[in-house]
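Asker: This is the structure I want to talk about, given as structure tokens.
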Amino acid sequence: MSKPKRQHTIPESYLKNFSYQNDRAQFVETKDLKSGEIKPLSIKDVCVSRNIYTFSDGEIKRYDLENFYAKNIDGIYPEVYDLLVSPNVRKMNQNQKHDIISTVLSMYFRTTKFWNLMNRMTDDMIDYFAQHVGKDGIVKGYFEDELVEFHISEIDNVKKKY
């Protein structure tokens, strides 16, 4: 399996439905937020960040999440799109419904807006724990039924971890 470092928050399989072909690449029209200029941008460069789905350590392999999205979401998106836009589809089976819901939810949970919200909430929770620091500088609290315990001087590292 490859080591994908440039990872999309909006999958290329989704962007293809709004793109046009030009010189063997697919483009979408984008608006520069500073100048207001409308210009084409390759879908390979839209909503891309480095290693956003890459785990840095732990029991999970580095690219498991990216590979999961590639196979289970991005890989089925063309079929899901066809189901949603086809005027001939009158009924869907349970698997098709599951695929649609999974795809739509993944689009929401993969946005930087969602990640930033979750990061702020986690940082706020750790800051709340730190307000109740013990005399020895030890901070304790529960996060997802797990005891979090650290020295107050390590608060930035704990925030990065969670």
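The values are calculated or read from the model by the stated rules, or taken from the named source; none is laboratory data. Since this is a predicted model, take the numbers as computed values, not measurements. As a convention, Cβ positions derive from the backbone with ideal geometry for all residues, glycine included, and neighbour counts pool all protein chains shown. We work out accessible area using only protein heavy atoms, side chains counted, and drop any ligands, DNA or RNA first. Shrake-Rupley method; radii C 1.70, N 1.55, O 1.52, S 1.80 Å.
Asker: Go through the stretch 3-25 and give me each residue that's outside any helix (DSSP H, G or I), of a type outside the set (S, T, N, Q) and over 24 Å from K61 (Cα atoms).
Answerer: Listed by number, the residues that qualify are Y20, D23, R24, A25.
Asker: Moving on. Just wondering, is there one or more residues in the stretch 56-72 that are open to solvent by less than 60 Å² (accessible area, probe 1.4 Å), touching an Asp or Glu at 6+ places or on another chain (Cβ under 9 Å), aromatic (F, W, Y) and within 24 Å of R6 (Cα to Cα)?
Answerer: no
Asker: Right, next: I'd like to verify a number: residues in the stretch 131-162 that are open to solvent by 90 Å² or more (accessible area, probe 1.4 Å) and over 27 Å from the mean Cα position of the chain (by Cα), how many?
Answerer: 7
Asker: Considering only the stretch 114-130, state which residues are open to solvent by 80 Å² or more (accessible area, probe 1.4 Å), farther than 30 Å from H8 by Cα and either in a loop (DSSP other than H, G, I, E, B) or acidic (D, E) (or both).
Answerer: Result: no residue meets the conditions.
Asker: Considering only residues of the stretch 31-49 that are closer than 23 Å to S106 by Cα and either modelled with pLDDT of 80 or more or part of a loop (DSSP other than H, G, I, E, B) (or both), which is most open to solvent (accessible area, probe 1.4 Å)?
Answerer: K44
Asker: Do any residues in the stretch 72-100 that are in contact (Cβ under 8 Å) with a residue 60 or more places away in the chain have Cβ atoms under 9 Å from those of residues that are open to solvent by less than 50 Å² (accessible area, probe 1.4 Å) and of a type in the set (K, R), where the two are at least six apart or on different chains, and which pairs are they?
Answerer: Short answer, once both residue conditions are applied: I73/R110.
Asker: For the stretch 11-27, what are the residues that are under 21 Å from the mean Cα position of the chain (by Cα) and surrounded by fewer than 17 Cβ atoms within 10 Å (Cβ to Cβ)? Break it down stepwise before answering.
Answerer: Pass one, the stretch 11-27, residues under 21 Å from the mean Cα position of the chain (by Cα): 11-18.
Correct list: K16, N17, F18.
Asker: Filter the stretch 77-113 down to the residues that are assigned to a loop (DSSP other than H, G, I, E, B) and closer than 19 Å to P4 by Cα and list them by number. First the steps, then the outcome.
Answerer: Within the stretch 77-113, the subset assigned to a loop (DSSP other than H, G, I, E, B) is 86-93, 110-111.
Listed by number, the residues that qualify are R110, T111.
Asker: Can you find, within the stretch 76-113, the residue that is least open to solvent (accessible area, probe 1.4 Å) among those that are within 12 Å of the chain's Cα centre (by Cα) and not polar (S, T, N, Q)?
Answerer: Of everything passing the filter in the stretch 76-113, R110 is least open to solvent (accessible area, probe 1.4 Å).
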